[in-house]
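Report on the structure given below.
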Amino acid sequence: SSIPVDVLRMDSHEAEGLAGRPLPLRSDSAEFAAGLVRNGAAKSVIVARGADGSVIAGPDGAWHAAAAPVRVVSAVGAGDSFVAGFVLAAARDWPMQEALALGAAAASAAVMTPATELCNAADVRHFYSQRVVTRL
């Protein structure tokens, strides 16, 4: 029996490896993620695209959340921060695209800090308030 997976998250390098081809556009990432959802890999699939934000595909369609335009000090912890923001929003029953936006805000705040330093909650709130989320 398979274990049900609610959310599967990967970075663009991992997604391209699984796809066996480059995924240069947001729409490419969204189509790849939607295919995984259709094939039953997970209910929702997220592809983190670095400075180009993140894409999610799920039962309600596909969305892109922009990354905040920040100076990157260190990418260490950005993925973990994304997951923390996304899971917090999902646990609060926020819509999928808003959970994606909070994850993107947390990742953007994280890259502004050195190495393993935690992101600043005020930065996360600010970036979330400035969120740009687009249906794909």
- Using beta carbons and a limit of 7 Å, which pairs, at least six apart or on different chains, have the first residue in region 82-95 and under 14 Å from Phe127 (Cβ atoms) and the second one of a type in the set (Asp, Glu) and not in a loop (DSSP other than H, G, I, E, B)? Ala89/Glu98
- Among the candidates Ala101, Ala109, single out the residue that is closer than 18 Å to Ala51 by Cα and either touching a Lys or Arg at 6+ places or on another chain (Cβ under 8 Å) or among the acidic types (Asp, Glu) (or both). Ala101
- Query: Quick check: is even one residue across region 80-97 among the aromatic types (Phe, Trp, Tyr), under 17 Å from Lys43 (Cα atoms), within 14 Å of the chain's Cα centre (by Cα) and assigned to a helix (DSSP H, G or I)?
  - Reply: yes
- Query: Just to be sure, is Ser74 at pLDDT 95 or above and of a type in the set (Ser, Thr, Tyr)?
  - Reply: no
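Listed here are the residues, each with its yes/no results for (1) loosely packed, with under 13 Cβ neighbours inside 10 Å; (2) in contact with a helix residue (DSSP H, G or I) (Cβ under 8 Å, 6 or more places away or on another chain); (3) modelled with pLDDT under 95; (4) closer than 17 Å to Thr134 by Cβ.
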residue: Ile3; (1), (2), (3), (4): yes, no, yes, no
residue: Leu8; (1), (2), (3), (4): no, yes, no, no
residue: Ser12; (1), (2), (3), (4): no, yes, no, no
residue: Ala34; (1), (2), (3), (4): no, no, no, yes
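The values are calculated or read from the model by the stated rules, or taken from the named source; none is laboratory data. What you are looking at is a predicted structure, and each value in this text was computed from that prediction instead of being measured. No Cβ is skipped: glycine too gets one built from the backbone with ideal geometry, and neighbour counts run over all protein chains shown.
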